[in-house]
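J.: Got a structure here, written out as structure tokens. Questions coming.
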Amino acid sequence: MTSLIDPLIAFVSAHAGFAYLTVFLAALLEAVPIVGSVIPGSTIILALSALVPGGELRLVWVMVAAIAGALLGDGSAFWIGHRTQREILSSWPMSNYPRVVAQSEAFFNRWGVLAVFFARFVPPIRAFVPITAGSLGMPPLRFFAVNIPAVLLWAPAHVLPGVLAISALHQYAGIPHHTGIARHYWMLAVIGGALIVALATWAIRRRQNGRMLEPTAEQIRKDFR
């Protein structure tokens, strides 16, 4: 894994623009329905944040890229739902995921405006709530009044942990800046943690699917409520 991280750091040092673009696309695609449930956008952003303390990336531009991608992704999904109304929820490809659509709809119906705020921090619902909010007729001004502050909090929550962790390892653990080993520790920890969570989620879902038949969307809404 270290042999893969070293070329990544060297490439980013020479082409920082591609790293900012990667952060932007990670935040954008994570907000796209269906796609956002499989794209590890948060993992990518957390891993790349380790390159800020060493100077390969600038904190301001990483934050700008993450915020811009999230706002564009959430806003686009909301407007698609707003223009198509409930029709989009029963159309392809949303129709292939009735369970998640029903959970997102129930989550929105229960929490209302707060659902838009909380969903930004809860994958994979994050990828479905904006389009659900639009399709259920939430006023645009109300949506963006909640979504924008949520994104402004979400971006630092994903960027600053890596920056602070690497800085702490250099300052308190005695790891020299020039070795870059602290970045390896952080990236490996983030990737390993993401893999563990993904495997645990897959195992739980497989176990649940083996115990019960696939319920209807209406049954899921009732159970959720």
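The values are calculated or read from the model by the stated rules, or taken from the named source; none is laboratory data. Given the structure is predicted, the values throughout are model-derived calculations rather than measurements. Every residue, glycine among them, receives a Cβ derived from its backbone with ideal geometry; neighbour counts consider all protein chains shown. Note: areas computed on protein heavy atoms with side chains; ligands, DNA, RNA excluded. Shrake-Rupley method; radii C 1.70, N 1.55, O 1.52, S 1.80 Å.
J.: For the range 67-75, indicate whether the set of residues that are within 14 Å of the chain's Cα centre (by Cα), open to solvent by 10 Å² or more (accessible area, probe 1.4 Å) and within 30 Å of Y185 (Cβ to Cβ) is non-empty.
T.: yes
J.: Using the structure shown, decide if F143 is of a type outside the set (D, E), modelled with pLDDT of 90 or more and within 16 Å of the chain's Cα centre (by Cα).
T.: Here the answer is no, as F143 does not meet what is asked.
J.: Among the residues of the range 47-66, how many are crowded, with 21+ Cβ neighbours inside 10 Å and in a helix (DSSP H, G or I)?
T.: Summing the residues that are crowded, with 21+ Cβ neighbours inside 10 Å and in a helix (DSSP H, G or I) in the range 47-66 gives 8.
J.: I've got another one for you. If you go through the range 91-111 one residue at a time, how many are surrounded by 14 or more Cβ atoms within 10 Å (Cβ to Cβ) and assigned to a loop (DSSP other than H, G, I, E, B)?
T.: Summing the residues that are surrounded by 14 or more Cβ atoms within 10 Å (Cβ to Cβ) and assigned to a loop (DSSP other than H, G, I, E, B) in the range 91-111 gives 1.
J.: Could you count how many residues in the range 30-46 are open to solvent by less than 40 Å² (accessible area, probe 1.4 Å) and of a type in the set (S, T, N, Q)?
T.: Counting residues in the range 30-46 that are open to solvent by less than 40 Å² (accessible area, probe 1.4 Å) and of a type in the set (S, T, N, Q) gives 2.
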